Amino acid sequence: MTVQPADGLSPAAAFPDPSHDQWQSLVEGVLRKSGKEVSGSAAEEARSTTLEDGLTTRPLYTAHDTSPDTGFPGFAPFTRGSRAEGNAAGGWDVRQRHALSDPARLNEAVLGDLENGATSLWLTVGGPAGVPVDALGRALEGVYLDLAPIVLDAPADLDAAATELLRLYGERG
């Protein structure tokens, strides 16, 4: 059990924030004890660390430090995406990857994932692990293609897979 002192002093009382100059003075004192005579901004630089990638981290960051302007989404310098509405206009995109060669099993898995929160699909098409191109329609039965974006992973025959997917889009309106 913790007993508070009788004088009303609270150990959790807020300490006043030291000024940057006070902090720098303390850093100078620590460096002096280690044999380095530096002062001012040189003391801060002595405590900075250059990382392997060339980025330098400083020993103290405050509210006065600024970061480069990130701009607006869809505008230079494009650090926040290439489209003004962002990369996921409706929020997060939960994309599930599927690599099944049996179209019936793939359809069952795809529908199950879409019913349980997936918002888009990443399908392996062709090759030993993917659904055959000509079975893509069967694999996507019951999928609302206008609501669930689809990414194709078809390294062996991307043209045929994309053509078949576009045909399905056209057929289903």
Notebook entry, point to check: Residues that are of a type in the set (D, E, K, R) and open to solvent by 60 Å² or more (accessible area, probe 1.4 Å): which helices (runs of 4 or more DSSP H) entirely in segment 96-173 hold 3 or more of them?
Noted result: 103-115, 158-172
Notebook entry, point to check: Here are P149, P155: which of them is farther than 11 Å from P103 by Cα and touching a Ser or Thr at 6+ places or on another chain (Cβ under 7 Å)?
Noted result: P149
Check: Just checking, which of T57, T50, T70 is open to solvent by less than 70 Å² (accessible area, probe 1.4 Å), touching a strand residue (DSSP E or B) at 6+ places or on another chain (Cβ under 6 Å), farther than 15 Å from W23 by Cα and among the β-branched types (V, I, T)?
Finding: T57
Check: What number of residues within segment 58-95 satisfy the criterion of being modelled with pLDDT under 70 and either of a type in the set (K, R) or outside any loop (DSSP other than H, G, I, E, B) (or both)?
Finding: 2
Margin query: I need a count of the residues in segment 118-146 that are under 27 Å from the mean Cα position of the chain (by Cα) and either over 19 Å from Q96 (Cβ atoms) or among the polar types (S, T, N, Q) (or both).
Written below: 3
Margin query: Cβ-Cβ under 8 Å, sequence separation 6+ or interchain: first residue in segment 105-126 and at positive phi, partner surrounded by fewer than 19 Cβ atoms within 10 Å (Cβ to Cβ) and hydrophobic (A, V, I, L, M, F, W, C). Which pairs?
Written below: G117/V94; G126/A156; G126/A160
Margin query: Just the residues that are more than 31 Å from the chain's Cα centre (by Cα), touching a residue at least 12 places away in the same chain (Cβ under 8 Å) and farther than 27 Å from G117 by Cβ, please, taken from segment 149-166.
Written below: A160
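The values are calculated or read from the model by the stated rules, or taken from the named source; none is laboratory data. Computed from a predicted model, the values in this text were never measured in an experiment. We place every Cβ from the backbone using ideal geometry, glycine too, and count neighbours over all the protein chains shown. Keep in mind that these areas ignore ligands, DNA and RNA; they rest on the heavy atoms of the full protein, side chains included. Shrake-Rupley method; radii C 1.70, N 1.55, O 1.52, S 1.80 Å.
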